[in-house]
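A quick write-up on the structure given underneath.
The values are calculated or read from the model by the stated rules, or taken from the named source; none is laboratory data. None of the values given here were measured: they were computed from a predicted structure. Every residue, glycine as well, gets a Cβ built from its backbone with ideal geometry; the counts of neighbours run over all protein chains shown. Each accessible area value is taken on the protein alone, full model and side chains, heavy atoms only, with ligands, DNA and RNA left out. Shrake-Rupley method; radii C 1.70, N 1.55, O 1.52, S 1.80 Å.
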Amino acid sequence: MIWKRLLHGVGANAFNQVGIAIVQLVTVPALSTRWGLDVYGWWILVSAIPSYIALSDLGFATAAGNEMTMALARKESARADGVFQSSWALISIISAFLAVIIFTALVILPDSYLTATGIDATTTRTVALLLSGQSLGILQSGILLAAFRASGRYALGTAIQGMINISEGISVILIVWAGGGALMAAVALFLVRMVGVATQRFLLNRVESRFSWGLRKASVAEIRALAKPAFAALSLPIAQASFLQGTNIAIGAASSAADVATFSAVRTLIRVGIQAVTLLNHATLPEFSAVVARKEREKELQLCLLTFGWCLLVLAPMGILIGTFGPLLVSVWSRGAIHANEHLIVMMSVVMVINGLWHPVSNLLLAINKHPLFAYPYAALALTSVGVTYFAVKWAGILGAAFSLLLLDSCMFALVSLLFMRFIAKPIELLHALTISFHSVLGR
């Protein structure tokens, strides 16, 4: 049963990623050509503010999902329901607080700050409110997805989430193609998200009776217990975003905009391999939480081996492919505008393999809420890496940026490996489990 759920989870992840990628590829030319670059640029700026709202659950959805998964695996339904209600209450309070702040800020700001080329202040305020409402809906979607995941329905929850995300993108594209403006697009995003949240809630009630709505089982003590893993979970995307943007800034300050474009293109290329690894890894997380909670050691080790095996199966050929044909791929992709150095490509291929190994392993630690032990060191190392990038680029050109990433990922690989051996499994245990698996297969 566990392997069937994993297969469904991989399919749901693939559907989500491919669908969103296609929508994004169509959205950029559709909006930029129909609206013009000035209005499209304004749309991106207005959309950027609500996007930060999606981070304001402070990591509680992730931490709560792990706790609910482990509680249900131990047949502690009341505890899982308490975590669900506590997290939902907190996120709802945060949402109400943010709504008041956003509304107040938009009322107070002078019209001159909100007027853009062809866009009046009233339209800007309305669009910002609608996009903020959509983002507050994303917070609700997050805790609902955590409940689907905890109940063993990761694939269903992910597929619903993917349908909502894709429907949002399609609605904007259709409105733009029909001649609609930014206000109509914002209305569509808000309505699609609200309908999506209502659908998530309806289906969760239909398929899972162990979660109830209300505040009767919510508690401040539960929220406090979740605070440590929640804040650690929040630090990961913030550190990642700061590091990605900071690296580009450091390269630009130390070298040139052309080097920024070249490095960004190569980094995007290696992300393909890393994203392929996450197709299985993300589906594995709730299953790993559950087997650890139930103390099913054999299945725990099997999931570890599956994670490592999938990583090697994806990363080895991708590393060889990019390392060999990377310069050609970048040139064709950019229509000859970007020419990447072979040494840069090879070094970034190594970065891809190392990152693609430690990141999935770190997610196994995340699944059992042990991530505070590496999340904060990662944040510190990632920010330090931005400074290292600047001096490395000054010293060795664009290769210095690749060296900085290699140093960062090597440090994280070492740290995560040590934590894995301490809290999950020693190499000798994995080797023994691998031997047993081989004998089992040969015996058949």
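Brief remarks on what is shown
- Ranked by how many other beta carbons lie within 10 Å on average, peptides 71-84, 376-389 from highest: 71-84, 376-389
- Within the accessible area of the chain (1.4 Å probe), percent carbon and sulfur: 71
- 1.4 Å probe accessible area per residue over the chain, in Å²: 47
- Only lysines eight or more places from residue 217 in sequence, or on another chain, were considered; those with a Cα closer than 19 Å are 75.
- Reported to the nearest whole Å, the Cα centre-to-centre distance from segment 168-238 to segment 66-83 is 21.
- The order of the peptides 342-350, 204-212 by mean Cβ neighbours within 10 Å, most packed first, is 342-350, 204-212.
- A straight chain from residue 22 to residue 295 at 0.36 nm per residue would run longer than the Cα-Cα distance by 94.2 nm.
- Zone of residue 78's modelled label, taken as backbone nitrogen in segment 194-229 under 14 Å from a point 7 Å along Cα→Cβ: 217-218
- Matching the structure-derived Cα extents along the principal axes in Å against the labelled list [x] 91, 39, 37; [y] 71, 61, 38; [z] 64, 55, 46 gives the label [y].
- Of the DSSP H helices in the chain, those with a Cα length along their own long axis of 27 Å or more and a mean Kyte-Doolittle hydropathy reaching 0.0 comprise 2-35, 77-108, 121-150, 154-177, 182-207, 220-254, 257-293, 297-333, 342-367, 372-396, 398-423.
- Annotation: extensible slack from residue 92 through residue 201 equals 37.8 nm (criterion: 0.36 nm per residue apart, minus Cα-Cα distance).
- Packing order of peptides 358-367, 144-153, highest average first: 144-153, 358-367 (average count of other Cβ atoms within 10 Å over each peptide's residues).
- Under 16 Å from the Cα of residue 394 - aspartates and glutamates, other chains or at least 8 residues apart: 259
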